[in-house]
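Enquirer: Below is the structure I would like to discuss, written out as C-alpha cells.
Where a number appears in this text, it was derived from the coordinates with a stated rule and is not lab data. These numbers were taken from a predicted model, which means no experiment stands behind them. Cβ placement follows ideal geometry from the backbone for every residue including glycine, while neighbour counts extend to all protein chains displayed.
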Amino acid sequence: MQELLKIMRRLRAPEGCPWDQEQTHASLRPYLLEEAAEAADAITAGDLTELRGELGDVLLQVAFHSVIAEEAGEFGYHDVEQGIVDKLVRRHPHVFGGVQVSGSEEVVSNWQVIKTAEQGGRPRRAADQVPRALGALAREAQAQKLAQRSKDPAQTHLRQALDEAPDTEAGVAAVLAAAVAWARGLGVDPEVALRAHTDAQLRALDAANLDGASS
C-alpha cells in the first residue's frame, strides 16, 4: 500500500499528472462507484483474474481519496486503515473479547447493538442507513429490511400490485417494490438477479449482431 500511496503523491505533485492534480473527492465519486460495480461484476462472472485487477482499481480509489485528504490536512491513509481495524475489533467481541455467540444471527444482532452504542445510543436515521448511490432495487431491498417487512405473503402482494397498480410512475414503483419483496422472500438479491438478466440479454444481442454481420 505504501508504494501505491507514493505513486499517488507523485501524480498529485506539481511535476506530476495534470488530470490527477485536478481531481477532488466529488469528481472521483463516479469512478469509485464504477470500480466497485466492476469488481462486483467480476465476482458474478466468477472471473478471479478479472477480480484481482478490479480490486486493485478499488484500492486505487482508496489511495486517491486518502492522498487528497492528506494534502488538505484532514486525514491520511493510516487514519482510514486504523479506523476500520479498530471498528472490526470493537464489533467482534466474540473473537477479540470474551463474548459468546450462538451463531451468525447473534453476531449481526450484537453488531447493531455495538453500532448504536458507538453513536451515543441514538440509532441512525433510516435515510442514512440506505446509501443513495445504491441501485434502486438494492435500496428498496434495504429499506424493506429496515422496516422489517414480512416476506411471507410477498408473492400474493406482487400479484395484487400487478392487478391493481395504475399505469403511472407510482404504479410502476409499486410493482417494482412488490417484486423486490418477492425476491427477498425467495432469498434472491433483486439487484444481482436483474443485472444477470440484463447481461444475458446483452450477450444474446451481441451474438445476434455477430450472426447478422457474418450472414
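Enquirer: From the phi angles alone, apply the Karplus equation (6.51, -1.76, 1.60; θ = phi - 60°) to the range 140-145 and give each ³J(HN,Hα) in whole Hz, x where the residue is Gly or Pro.
Expert: 5, 4, 5, 5, 5, 5
Enquirer: Karplus couplings for the range 78-86 from phi (6.51 cos²θ - 1.76 cosθ + 1.60, θ = phi - 60°), rounded to Hz, Gly and Pro as x?
Expert: 4, 5, 5, 5, 5, x, 6, 4, 4
Enquirer: Right, here's the next one. Rounded to whole Å and ordered largest first, report the semi-axes of the equivalent ellipsoid of the chain derived from its Cα gyration tensor (root of 5λ).
Expert: 36, 30, 18
Enquirer: For the chain, which longest stretch is free of loop sites, where a loop site is one of the trypsin sites (Lys or Arg not before Pro) that DSSP puts outside H, G, I, E and B and that has at most 12 other Cβ atoms within 10 Å?
Expert: Result, exposed sites excluded: 1-123.
Enquirer: Using the Cβ atoms and a cut-off under 14 Å, what net charge is assigned to the surroundings of residue 91, where Lys and Arg are +1 and Asp and Glu are -1?
Expert: 0
Enquirer: With a point put 7 Å past each Cα toward its Cβ, work out how far residue 127 is from residue 172 in nm, to one decimal.
Expert: 2.4
Enquirer: According to the Kirkwood expression over distinct Cα-Cα pairs, how big is the hydrodynamic radius of the range 2-90, in Å?
Expert: Radius from the Kirkwood sum: 14.2 Å.
Enquirer: In whole Hz and in residue order, list the ³J(HN,Hα) couplings for the range 91-108 that follow from phi through the Karplus curve 6.51 cos²θ - 1.76 cosθ + 1.60, θ = phi - 60°; x for Gly and Pro.
Expert: 8, 10, x, 6, 9, 9, x, x, 6, 9, 10, 8, x, 5, 5, 6, 4, 5
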